2 protein chains.
Amino acid sequence: MLAKIKRKLLGKALPNSVYVHQRLSNASGLAVLSSAALSSVAYGTEEILQVLILGGTGISTLSLPIALAIVLLLGIVTLSYCQTLRAYPHDGGAYTVATENLGLYPGLVAAAALIVDYVLNVTVSIAAGTAALTSAVPALQPLTVPLCLLFVLLLMLANLRGLKESGKLFMAPTYTFIVSIFGLILAGLIHHSIGYSVPNYSVVPTQESLGIFLILRAFSAGCTAMTGVEAISNGVTIFKAPESKNARLVMLTMSSILGVMFLGITYLAQVYHVVPNAKETVLSILNRDIFGSGFAYYFIQASTLLILILAANTSYSDFPRLSSLLAKDSFMPRQLSFLGDRLVFSNGILLLSFLASMPLILLQGSVNSIISLYAVGVFTSFTLSQLGMVRHWHKERSRGWFISAVINGVGSVATLVVLVTIVVSKFRAGVWVLVIGIPLIVYLCSAIHQHYRYVSKQLGFTRTELAHRSRFSHVRRKNIIHPAIVLIDRVHRGTISAVKYASTIANEVVAVHIDIGSIDRELINCQWQELEGDIPLVILDSPYRSIVSPLIDFVDEYELKHPNAFITIIIPSFVPRHWWEKLLHNQTTYFIDAALNNKPNRIITTVHYYLR
Amino acid sequence: MLAKIKRKLLGKALPNSVYVHQRLSNASGLAVLSSAALSSVAYGTEEILQVLILGGTGISTLSLPIALAIVLLLGIVTLSYCQTLRAYPHDGGAYTVATENLGLYPGLVAAAALIVDYVLNVTVSIAAGTAALTSAVPALQPLTVPLCLLFVLLLMLANLRGLKESGKLFMAPTYTFIVSIFGLILAGLIHHSIGYSVPNYSVVPTQESLGIFLILRAFSAGCTAMTGVEAISNGVTIFKAPESKNARLVMLTMSSILGVMFLGITYLAQVYHVVPNAKETVLSILNRDIFGSGFAYYFIQASTLLILILAANTSYSDFPRLSSLLAKDSFMPRQLSFLGDRLVFSNGILLLSFLASMPLILLQGSVNSIISLYAVGVFTSFTLSQLGMVRHWHKERSRGWFISAVINGVGSVATLVVLVTIVVSKFRAGVWVLVIGIPLIVYLCSAIHQHYRYVSKQLGFTRTELAHRSRFSHVRRKNIIHPAIVLIDRVHRGTISAVKYASTIANEVVAVHIDIGSIDRELINCQWQELEGDIPLVILDSPYRSIVSPLIDFVDEYELKHPNAFITIIIPSFVPRHWWEKLLHNQTTYFIDAALNNKPNRIITTVHYYLR
């Protein structure tokens, strides 16, 4: 039944041979890799305004200079990543770059930051997408959390089926979104220039005096607009040759588009005096101011929802890939490195869906408080990746290494400054979670690594042992004693079947019955003599009505008499036709197994008798 | 750890030899067996008033005639039960009497009614006890449900420890309660006769016109005051000889006390114009009116709480005893008939606590709606038990049988009329649950019975088989083939240990590795040749990365080559030091076991290798 539902939902299993690596044109590559970055404009401006509004309506003019500073930072990071693309044409992810150049622990910190990054990218993108939907259709507001979870579920299923990052699927929504936002900006500028007056100009009282701290907080909030720009460095291999050059070209294009969109929206939000509120997104308010509530408005909201879902989807390829990488290096449970039926890392997809859903449920789909956590994850990986690059150039000293190192150095310092700003300004607003969380993830990874090393050390053979391999060779010894103990409750067909098996595998069989007072002792003895007279039956007293303790004593004693022998303990068990019928029978088998199964020479075997 | 906590809470295990049957004096016997009946006065009057109040303040004078009718019924039932005590000096429970005289299904209906009775006795008594407490201390009102559950938990633990129904423990609270209530009635009568005016006389508007239906409903609600009188018929054996006579004496005494207390409280409630409300019990209002809020008031409330807890406790000996009886007759899961560590039917105690807690949680501790369900359970068992007695006398025809039969006949008709009245008048108020529930319980009991019969038929031997017992005799055949298949993931110490076991028990061993692409095939082959060259290794392709399906195919084919042989499939498994470390390893063992373990000749065995 379950297997059938799984087939219906996920499709047939795929053989290994189906796997092919596809290459994309630059236009398709941009569509596939830029959704996370471009979609950030859906919430970047809003984040700035939500901080600035605390200083009253007057200072919202500060949003534009702050946005300009962020675009400058974006430029630095973009140039810095272009250097990475040049040096790591196969996999320029922060984990790889940091591990190779800075060592194990910086690499693990980068990995932990990326895990946070990928998980919160899903959370934030899905929440923002749902906000775009509920802004347009306020009736859906009460369904925010179920809608968020529905989107996560759909992404999960699509990716478990093995959603290919096909250019076709991604191009339409991405380019539609770009055109939509440019259209919105253009229309807004024209509207404004012909002297359109804003209907919802409302004065907000000052709650907090203007100070450098407020500006820093607004700046660090706005940096969320930069999330996702690192995606291209993870996906260089999908470009056609020359991969590295094409990737750099796409990176520059993407950053330029992102910068222009972000500046445009921030400028319009300022001249349209948009005041953020909890019920409607800034982008939706702006959209409604410019286009009214007509077709154009709904079209732009829909394309915003779509790009945000695509943005969440990028984590569905990045997270399973990173976790399989970590699992192969023994830093995560091995199960994360297994390819599922549909040739995807199913366990990683399930884990990501679970982790991303938790904050959605806990925070009821309102993610303002964790958007700064997302930024911390992103900027930590930015910083470490670029620090790694500085070290890389320093080690390599190829032609022009110094300029490259300087670019990456400036990038790493800039992102580090932003990182510190975010941590300091938002520490009490939730960022402390990561100050504990990231070291905890690193600790867990290294604990897992130690466990796997310990296991393989325990299980493997030393050279000396291999040399004397006769130790492990077991020529079948004719006269070896292999005893078996058969547990008897009542004498019935199941018992007989178990005794039959026992006398097949062992050359010394003893039957044991534990008398807890439920069955007549004489009857058992009599039936036994009649049916199995040639095998001894031992009846153990159990005044405390426990099956387990007299049995443990008996087996311990029996083992003393048979040192160095495997002792097979056979439990007869009958299997009824339906699972629920098991409720009507004692589950003693499990207790016995749990109580006895703790010595290497004891083998507990259940012989099933199937009822017709 | 868990075992330690269990020891602390429940005490050490007791051997069978500790069990002794104790006998009680009549005074102690009354204390032990009457708490359920006597405590009914805590809610009986209230139930009548809650119905009558719908007819307005004017008709509350009807409560006294209704109470008189109930006491008359109580008299009939008491006399009727005295006949039962005479005929069944060992166990006069409704299940036994109905089964013996009316047959299987009436017996099961009686059993189902008793189950409902015992469960709801706990629910109603605990809820009423908590109401006595929250009436006295209104601050505890919001904690009603947790308090109810706490009392259930305490009863459960006390009974799991093996609370003896010792006269000592029960006498003080029972007699204190009797004295308290008589004191209350006396003080109330004196107060009233010296012309004390009632402070809280409030006029309640008429919500429903007075009619025969309202009176019938009030009557049937008041019949809850009779719950618990059957207890003595279940406990005849605790009396000293002559048991039957002593039991009858105690029964008559108890019914007289109950009748007087019930009439007294109902009369006082009428003359004091007590109006029932949701926050305070009628008994508490009356108590406060008579004694004010002084020591006497709190003393009486406390003794009410205590007797109600004792009343709930009677179910803790009756329910496990009944369910063990049913389990021994194969009408309930056998586990209910096992004596636990402390010589009590632990499973029955746990089941009762669970069942009784459910309505407390679902109805938030307000049990007005289920008190009529309780009455249905009680009156169904009354009716069946007495009908059974009529049949008993008719069959026996001993001296004076006709008079006895008439008494029981009148009793059964009277209780049947009440039963029908309750069912009709309260059908839509919840009693329909039992109209479905009791037949459902009967159906379940007989389905369980059928299952056990089917199992014992399947497992047992026919006479012909026993005659030709050579069929089951297995003289050890020297040349029998017993093959074993060892599953190999990697070649390590655990694998070697499993192969060693395989060559101990089998004379044809084959190792199987399933290639899901995770490990290098050549490496495995090479290591195998080096360590276990004498045992063949088969490597199976698994292009779909499934461990299970290629293995099933292989085993199926292998079985065709070895017909009529037990085939042991050995899975090596290593056991890490801590349970949580298992999360880091594949749980393939369970999947393989579940997938393969479906043929009688296949034995799946796990050989553990313990990591240090």
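Screening the stretch B:505-533 for residues that are without any contact (Cβ under 8 Å) to a residue 12 or more places away in the chain and within 22 Å of A:Q335 (Cα to Cα) and picking the one that is nearest to the other protein chains (Cβ to nearest Cβ) gives B:S518.
Pairs are defined by a Cβ separation below 8 Å, a sequence spacing of at least 6 or placement on different chains, a first member in the stretch B:100-126 that is crowded, with 24+ Cβ neighbours inside 10 Å, and a second member that is in a helix (DSSP H, G or I) and of a type in the set (D, E); the pairs so defined are B:G107/B:E100; B:L114/B:D318; B:Y118/B:D318.
Taking B:I300, is it in contact (Cβ under 8 Å) with a residue 24 or more places away in the chain, among the aliphatic types (A, V, I, L, M), crowded, with 23+ Cβ neighbours inside 10 Å and touching a His at 6+ places or on another chain (Cβ under 7 Å)? Explain how you work it out, then say what you get.
On the way: in contact (Cβ under 8 Å) with a residue 24 or more places away in the chain: yes; among the aliphatic types (A, V, I, L, M): yes; crowded, with 23+ Cβ neighbours inside 10 Å: yes; touching a His at 6+ places or on another chain (Cβ under 7 Å): no.
Answer is no for this residue.
Taken over the stretch A:211-244, the criterion of being part of a helix (DSSP H, G or I) and free of Cβ contacts under 8 Å to residues at least 40 places away in the same chain is satisfied by A:I212 alone. Screening A:A278 against (1) surrounded by fewer than 19 Cβ atoms within 10 Å (Cβ to Cβ); (2) not in a loop (DSSP other than H, G, I, E, B) leaves a single unmet condition, (2).
Can you tell me which residues in the stretch A:183-209 are under 40 Å from the mean Cα position of the chain (by Cα) and either loosely packed, with under 12 Cβ neighbours inside 10 Å or at pLDDT below 85 (or both)? Within the stretch A:183-209, A:Q207, A:E208 meet the criteria. Exactly one residue out of B:L308, B:L263, B:L286 is within 30 Å of B:L355 (Cα to Cα), touching a helix residue (DSSP H, G or I) at 6+ places or on another chain (Cβ under 7 Å) and assigned by TED's automatic domain parsing to the domain that holds B:S39, and it is B:L308.
Of A:G75, A:G103, A:G93, which residue is at pLDDT below 90 and more than 12 Å from A:V442 (Cβ to Cβ)? Break it down stepwise before answering.
Numbers: A:G75 fails: at pLDDT below 90; A:G103 fails: at pLDDT below 90.
Within the list A:G75, A:G103, A:G93, the selection yields A:G93.
Pairs are defined by a Cβ separation below 8 Å, a sequence spacing of at least 6 or placement on different chains, a first member in the stretch A:27-52 that is farther than 25 Å from A:G93 by Cα, and a second member that is of a type in the set (K, R) and modelled with pLDDT under 90; the pairs so defined are A:V51/A:R217.
Here B:P536 meets each of (1) within 9 Å of chain A (Cβ to nearest Cβ); (2) touching a strand residue (DSSP E or B) at 6+ places or on another chain (Cβ under 6 Å) with one exception, condition (1).
If the condition is being free of Cβ contacts under 8 Å to residues at least 60 places away in the same chain, of a type in the set (A, V, I, L, M) and closer than 29 Å to A:R493 by Cβ, then the stretch B:586-612 contributes B:A594, B:A595, B:L596, B:I603, B:I604. Answer yes if at least one residue in the stretch A:543-556 is within 9 Å of another protein chain (Cβ to nearest Cβ), over 22 Å from A:E522 (Cα atoms) and touching a residue at least 60 places away in the same chain (Cβ under 8 Å), and no otherwise. Within the stretch A:543-556, not a single residue is within 9 Å of another protein chain (Cβ to nearest Cβ), over 22 Å from A:E522 (Cα atoms) and touching a residue at least 60 places away in the same chain (Cβ under 8 Å). For the stretch A:575-592, the count of residues that are touching a strand residue (DSSP E or B) at 6+ places or on another chain (Cβ under 7 Å), more than 11 Å from every other protein chain (Cβ to nearest Cβ) and not in a strand (DSSP E or B) is at least one.
Does the stretch B:296-317 contain at least one residue that is within 14 Å of another protein chain (Cβ to nearest Cβ), at pLDDT 90 or above and within 30 Å of A:Q587 (Cα to Cα)? No, because not a single residue in the stretch B:296-317 is within 14 Å of another protein chain (Cβ to nearest Cβ), at pLDDT 90 or above and within 30 Å of A:Q587 (Cα to Cα). Looking across B:E100, B:E46, one residue alone is within 24 Å of the chain's Cα centre (by Cα) and acidic (D, E). It is B:E100.
Anything in the stretch A:444-490 that is at pLDDT 90 or above and among the polar types (S, T, N, Q)? List them, or say none. Across the stretch A:444-490, the qualifying residues are A:S446, A:Q450.
Exactly one of (1) among the β-branched types (V, I, T); (2) in contact (Cβ under 8 Å) with a residue 60 or more places away in the chain; (3) facing chain A (nearest Cβ under 7 Å) is unmet by B:V486. Its number? Result: B:V486 passes all but (3).
Per-residue answers, yes or no, for (1) more than 25 Å from A:S456 (Cα to Cα); (2) within 53 Å of the chain's Cα centre (by Cα); (3) among the polar types (S, T, N, Q):
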position	(1), (2), (3)
B:V509	yes, yes, no
B:D515	no, yes, no
B:N525	no, no, yes
B:G533	no, no, no
B:A565	yes, yes, no
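Reported count of residues in the stretch B:321-338, each being in contact (Cβ under 8 Å) with a residue 40 or more places away in the chain and either away from every other protein chain (no Cβ under 14 Å) or closer than 15 Å to A:R545 by Cβ (or both), is 4.
The values are calculated or read from the model by the stated rules, or taken from the named source; none is laboratory data. What you are looking at is a predicted structure, and each value in this text was computed from that prediction instead of being measured. Cβ atoms come from the backbone with ideal geometry, glycine included; neighbour counts cover every protein chain shown.
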